[in-house]
Amino acid sequence: MHSEFIELAQSDPMRWDIKYSYDDNIVGRRIAGYYANKCLMAKVCYAALQQVVQRVAKHNLSLLIWDAYRPTKAVDDFWQWAQDTHDNHMQRQYYPNLSKADLFGQGYFNKTSNHCSGSTVDLTLIDQQGQTLDMGTIFDYMDPLSHPDNREVSKEAITNRTLLRQEMLNAGFEPIATEWWHFRLIDEPFANQMFDFDIV
């Protein structure tokens, strides 16, 4: 692991469930480079997230991280998976209205990823029991319903998305237009550097 990265500890108020480390994800199997359910990120990113944790704690909430640092080999794995047009066994759950080609064509996946720099996170809000709040869709649901500004989801989901987005913005993160769960630290320390060390 890079010396300026940190691994979240069990005692951390943030929780994690790194979906790509096992089969509960859009591909339906472990992704290359994810050999343990561990959450790694740049130390600067971690410090910024601590600000979010402190603020959402006032609402009796915390954060659940689904993905943070991502090895570049994982991005390559996603690309290879997308080329296999016969492997669509997760389509109904994650991309029912799109083809694999659409996932890249519409910007849900790219040949490179900010996650590889260690300061981009996919996350949600959880309550004191560790249950995820209603955000309108599951993680990695590739559909307009997952767009942060979509108004076809419930009022509760809109409220929860707005809270998450605002607190992440306040801490120096920027969102994207297609995924309510995705945020990049604007002042990331390793911008345009793509790391490839494994998560073990």
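Among residues of region 47-64 being part of a helix (DSSP H, G or I), in contact (Cβ under 8 Å) with a residue 60 or more places away in the chain and touching a strand residue (DSSP E or B) at 6+ places or on another chain (Cβ under 9 Å), the one that is surrounded by the fewest Cβ atoms within 10 Å (Cβ to Cβ) is H59.
Just so you know, in region 1-40 the residues that are of a type in the set (A, V, I, L, M) and out of contact with any helix residue (DSSP H, G or I) (no Cβ under 8 Å at 6 or more places or on another chain) include one that is modelled with the lowest pLDDT, and it is M1.
Just to verify a result, which residue in region 88-98, among those that are farther than 19 Å from W180 by Cα and in contact (Cβ under 8 Å) with a residue 24 or more places away in the chain, is surrounded by the fewest Cβ atoms within 10 Å (Cβ to Cβ)? Show your work before the answer.
Taking region 88-98 as the starting set, the residues that turn out to be farther than 19 Å from W180 by Cα are 88-92.
In the following step, the residues that additionally are in contact (Cβ under 8 Å) with a residue 24 or more places away in the chain were identified as 89-90.
Details: H89: 10, M90: 17.
My answer is H89.
In summary, T85 fulfils each of the numbered conditions (1) assigned to a loop (DSSP other than H, G, I, E, B); (2) hydroxyl-bearing (S, T, Y); (3) touching a strand residue (DSSP E or B) at 6+ places or on another chain (Cβ under 9 Å) with the single exception of condition (3). Within region 183-195, the residues that satisfy the criterion of being surrounded by 14 or more Cβ atoms within 10 Å (Cβ to Cβ) and within 18 Å of K73 (Cα to Cα) are F190, M194, F195. Taking region 114-170 as the range and being over 17 Å from N60 (Cβ atoms), polar (S, T, N, Q) and in a loop (DSSP other than H, G, I, E, B) as the test, the residues that pass are S119, T137, N150, S154. Cβ-Cβ distances below 9 Å connect the following pairs, each with a first residue in region 148-167 that is of a type in the set (D, E, K, R) and buried (at least 18 other Cβ atoms within 10 Å of the Cβ), a second residue that is at pLDDT 95 or above and in a helix (DSSP H, G or I), and a separation of six or more residues or different chains: E167/Q51; E167/V52; E167/R55; E167/V56. Residue-level analysis places Q10 outside the set of residues that are surrounded by fewer than 19 Cβ atoms within 10 Å (Cβ to Cβ), under 30 Å from G105 (Cα atoms) and free of Cβ contacts under 8 Å to residues at least 24 places away in the same chain. Selection of first residues in region 112-137 that are over 18 Å from G172 (Cβ atoms) and of second residues that are among the acidic types (D, E) and part of a loop (DSSP other than H, G, I, E, B), restricted to Cβ pairs under 9 Å at least 6 apart or on distinct chains, gives the following pairs, ordered by first then second residue: C116/D196; L133/D127; G136/E152; T137/D143. For region 99-109, filtered to residues that are surrounded by fewer than 17 Cβ atoms within 10 Å (Cβ to Cβ) and at pLDDT 85 or above, the residue that is nearest to the chain's Cα centre (by Cα) is D102.
If the condition is being part of a loop (DSSP other than H, G, I, E, B), aromatic (F, W, Y) and within 16 Å of the chain's Cα centre (by Cα), then region 2-46 contributes only Y22.
Counting the residues of region 126-146 that are buried (at least 18 other Cβ atoms within 10 Å of the Cβ), within 14 Å of the chain's Cα centre (by Cα) and not acidic (D, E) gives 6. Here I26 clears all of (1) in contact with an Asp or Glu (Cβ under 7 Å, 6 or more places away or on another chain); (2) of a type in the set (V, I, T); (3) over 25 Å from N192 (Cβ atoms); (4) surrounded by fewer than 22 Cβ atoms within 10 Å (Cβ to Cβ) except the condition numbered (4).
The values are calculated or read from the model by the stated rules, or taken from the named source; none is laboratory data. Remember, it's a predicted structure, so these values are computed and weren't measured experimentally. Cβ: placed from backbone, ideal geometry, glycine included. Neighbour counts: every protein chain shown.
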